[in-house]
Ligand SMILES: [Mg+2]
């Protein structure tokens, strides 16, 4: 079995950095009347147009993506994948959606190098993850749209619990994901 791991909201804290660049703490964001737990659209919840949302991020360039903080559960998830690799998992890859700005491509690559090492080269950048779907592949992703599309295309998917999906109330995203992954790998 092959595992494809999403980057943002699974390994890296995109939301935290996007909120910060727009002047919000997570607490302030969650206090906004427009905040809806489980709803995907961060841009609208901040009351911004796409253009206004992306402007400071694009201006920050590669550094915005390179400097995203690693989420606290991420090292444990990576360790689990590495230790299971020889027995149940053929290989695992990071599959990440870049933004429309070219700086995100270099920035995401730099983030991966910084956190997984210079020689780590199993990174796929695409906005069309479903093209990688097949019955021997599992996508782990926080986007309900991505996981549904991946399953429709013939792959397997596990929704990673996050503030922006219907599993937002889950207090143990890593435990939930590993339980589902373990089950899928043994089926
Ligand atoms: Mg994501």
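Please treat every number below as a calculation from the coordinates, not as lab data. Quick caveat: nothing in here was measured; it's all calculated off a predicted structure. Positions of Cβ are backbone-derived with ideal geometry, glycine not excepted, and every protein chain shown enters the neighbour counts.
Measure nothing but the geometry: give the 0 to 90° angle between the long axis through the Cα atoms of 50-60 and the longest principal axis through the Cα atoms of the chain, rounded to 10°. Around 80 degrees separate the two axes. Relative to the globular-protein estimate of 2.2 N^0.38 Å, the Cα radius of gyration of the range 72-187 stands at 1.07. Note on 99, 145, 104: ascending count of other Cβ atoms within 10 Å places them as 145, 99, 104, the fewest first. From least to most packed, judged by other beta carbons within 10 angstrom and beginning with the fewest, 67, 13 follow the order 67, 13.
Structural descriptor for the chain: relative contact order 27 percent, calculated from alpha carbon pairs under 8 angstrom and at least 6 residues apart.
If the chain linking residue 90 and residue 26 were pulled fully straight, counting 0.36 nm for each residue of separation and taking away their Cα-Cα distance, it would gain 19.3 nm.
If both residues of a DSSP beta bridge must be in the chain, then about 5% of such bridges are antiparallel. When the chain is treated as a Gaussian network with alpha carbon springs shorter than 10 Å, the biggest mean-square fluctuation among 43, 112, 124 belongs to 43.
Rounded, prolate or oblate, given the Cα gyration tensor of the range 62-140, with a/c below 1.5 counting as rounded? Oblate shape, in that a/c is at least 1.5 and b/c is the bigger or equal ratio. GNM remark for the chain: springs join alpha carbons under 10 Å apart, and the peak mean-square fluctuation among 147, 137, 102 falls on 102. Exposure proxy for 164, 170, 187: other Cβ atoms within 10 Å of each Cβ, ordered fewest to most, give 187, 170, 164. Axis angle, to the nearest 10 degrees, between helix 173-186 and the longest C-alpha principal axis of the chain: 30 degrees.
Angle of helix 103-116 to the longest C-alpha principal axis of the chain, folded into 0 to 90 degrees and rounded to 10: 50°. Between 110, 169, 18, the residue with the greatest mean-square fluctuation in the GNM of the chain (Cα pairs under 10 Å linked by springs) is 169.
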